[in-house]
Amino acid sequence: MRPTVCGLRIAALVLLTIARVEAQPCQCASRETPCAGYWSAGAVFVGRVESIQRSPAGQLVRFDVVEGFTGVRTSSVDVHTGPLGHRCSVSFRSGREYIVYAAPGDATGRLTTSVCSRTRPVEDAAADVSYARALKSGRAAPGSIGGQLLLAPVDLNGKATQSSRPLQGVTVRVARNGEEESVVTNQGGDFAVANRGAGTYTVAVDVPPEYYTVAPTRDIQVSDARACGLADIRLYDNGRVSGRLVDANGRIVAGLTVEVASANLQQVRRRITDRDGRFEIDRLPPGRYVVRSGIANRMNIASVTLGAGSHAALDQMRLPSHPSYVPLSGFVLRADGTPAEGARVYLKGGDGNGRIVSEPATSDFLGRFVIAGVVGTEYRVFAELAGTHQVESSDQVVLTATSGLRPVHLVVSRRY
């Protein structure tokens, strides 16, 4: 089914105040076709507006059914939409005819619609009426599984900065029951394959390295061989900054936090260097960045400008001679003595004020971790291991960062 933020689920908004409703802008998935709109709706009909009841919770519109296609069994139908003037609400006029795409929006089964559906005046819906009539008479074209691939510009916090644009030339694979078909997106970012029958289709994108996506696969359920299913998938620019930290004497610095900040220093992305002093920070949009590191005081160590999906390699980045860092290493174990792989190890100030002073280090398959500390500084170190239903944690161990410090053993157990 076609995902939307408001979609045909706007009935949930009627339980909120107008101020709350207006605080959530309507975001619709793009370019729904008549076929996809028809099969994702619970009811489709052409109706003439008989009356409109308005309230702060929304509008209840009564239609005289002129031509019913699916989900309509009576001569009049009540449909709910949002408050008058809200950006998700359909603006209806008494006496005018509309093609209405509606779905049950709450436990009562009340029909709802919004601007994210294909509901529109009938004079603007020739393709919709034509498809619905063809389907009703058995003349509709076979269905399809498709969608659109979009590049969505966002900032470091994931907030949209511009409108999405279509991506051409990316391979999309559509699979069902072990059979797979590949297609390449066209100039409009569109892709489509024929509907091979009712069932679940898995849509997967072969994401090029200059992009990333938070959902590389999508499942589309269709109930009929004539149905259309849509999956719009968004990709994002995958800019990267990588490098290796060494101290003033050229020795690698493991376990030290590295920060990539926007030019105005208002948005940041952080990583911790590995045992070889290396780091890579990815999923960066185009722009100018400052690379900083250090626990005691963040120090600017490089400035980079990234193009869309580009990579800035900053090898052998040398830190100042002061402050000096030493690795604080150890093992995270479970209560039974086995390694706790994937535990996150935190470094806090030694005064116990609760302030975390570094990005967490992650323990490996042997339970090992390494995190950098400033020489002569007292810290509290502890570990947490997230499970399916609870978080296990260790005691806080107080130590002073000195050369040759023995490995720390942190034992995680359920605390509550």
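Where a number appears in this text, it was derived from the coordinates with a stated rule and is not lab data. Predicted model only: the values in this text are computed from it and were never measured. Virtual Cβ from ideal backbone geometry, glycine too; neighbours counted across all protein chains shown.
Once the convex hull of the alpha carbons of the range 325-414 is built, what does its volume come to per residue, in cubic angstrom?
That works out to 87 Å³ per residue.
For residue 266 paired with residue 66, estimate the spin-label separation in nm (one decimal), with each label point 7 Å from Cα along the Cα-to-Cβ line.
So the label points at residue 266 and residue 66 sit 5.0 nm apart.
For a distance above 23 Å, tell me the whole-number percent of Cα pairs in the range 267-416 that qualify. Before the final figure, lay out the partial values.
Details: 4786 of 11175 pairs.
In whole percent, the long-distance tail amounts to 43.
For the chain, how big is Rg over Rh, using alpha carbon atoms and the Kirkwood form of Rh?
Numbers: Rg = 28.4 Å, Rh = 25.6 Å.
So for the chain, dividing Rg by the Kirkwood Rh gives 1.11.
Which Rg and Dmax, in Å, describe the Cα atoms of the range 23-179?
For the range 23-179, the Cα radius of gyration and maximum Cα-Cα distance read 18.0, 53 Å.
Give the calculated FRET efficiency between residue 134 and residue 224 to the nearest 0.05, with a Förster radius of 22 Å applied to their Cβ-Cβ distance. Intermediate results must be reported in sequence, preceding the final value.
Numbers: r = 14 Å, r/R0 = 0.65.
Here the calculated transfer efficiency is 0.95.
Please state the Cα pair-distance histogram of the range 144-236 with 10 angstrom bins from zero: what percent is in each bin?
With a bin width of 10 Å, the distribution comes to 17, 48, 26, 8, 0.
Measure of size requested: the Rg and Dmax of the range 231-317, with Cα atoms as the atom set and Å as the unit; please supply both.
13.5, 54
Could you order peptides 40-52, 118-130 by the average number of other Cβ atoms within 10 Å of their residues, highest first?
Values: 40-52: 19.6, 118-130: 15.9.
Put in order of decreasing packing, that is 40-52, 118-130.
In debye, nearest 20, what is the charge dipole magnitude of the range 266-416 about its Cα centre with +1 on Lys and Arg Cβ and -1 on Asp and Glu Cβ, if you could check?
On the way: 19 positive and 14 negative charges, 78 e Å.
So the dipole magnitude of the range 266-416 works out to roughly 380 debye.
Under the definition of Cα pairs under 8 Å and six or more residues apart, what whole-number percent is the relative contact order of the chain? Could you put the intermediate results ahead of the total?
Details: 1080 pairs, mean separation 42.6, N = 416.
It rounds to 10 percent for the chain.
Placing +1 on the Cβ of each Lys and Arg and -1 on the Cβ of each Asp and Glu in the chain, which of 189, 51, 233 has its Cα farthest towards the positive end of the resulting dipole?
Farthest towards the positive pole: 51.
Nearest 500 deg cm²/dmol is fine: what mean residue ellipticity at 222 nm does the chain get from its DSSP H runs of n ≥ 4 alone, each adding -39,500 (n - 2.57), divided by its residue count?
Details: 3 runs with 24 residues, N = 416.
Here the helix-only value at 222 nm equals -1500 deg cm²/dmol.
Provide the gained length on full extension for the span residue 391 to residue 182, in nm with one decimal, where the gain is 0.36 nm per separating residue minus the Cα-Cα distance. Spell out each step's value before the answer.
Numbers: separation 209, 0.36 × 209 = 75.24 nm, distance 4.21 nm.
Gain on extension, residue 391 to residue 182, equals 71.0 nm.
Tell me which of 80, 130, 94 sits at the most positive position along the dipole axis of the chain, charges placed on C-beta atoms (Lys, Arg +1; Asp, Glu -1).
Checked the options; the winner is 94.
Place a +1 charge on the Cβ of each Lys and Arg in the chain and a -1 charge on the Cβ of each Asp and Glu, then give the dipole magnitude about the Cα centre in debye, rounded to the nearest 20. If you can, show how the numbers build up before the last one.
Details: 47 positive and 38 negative charges, 106 e Å.
Magnitude of the dipole: close to 500 debye.
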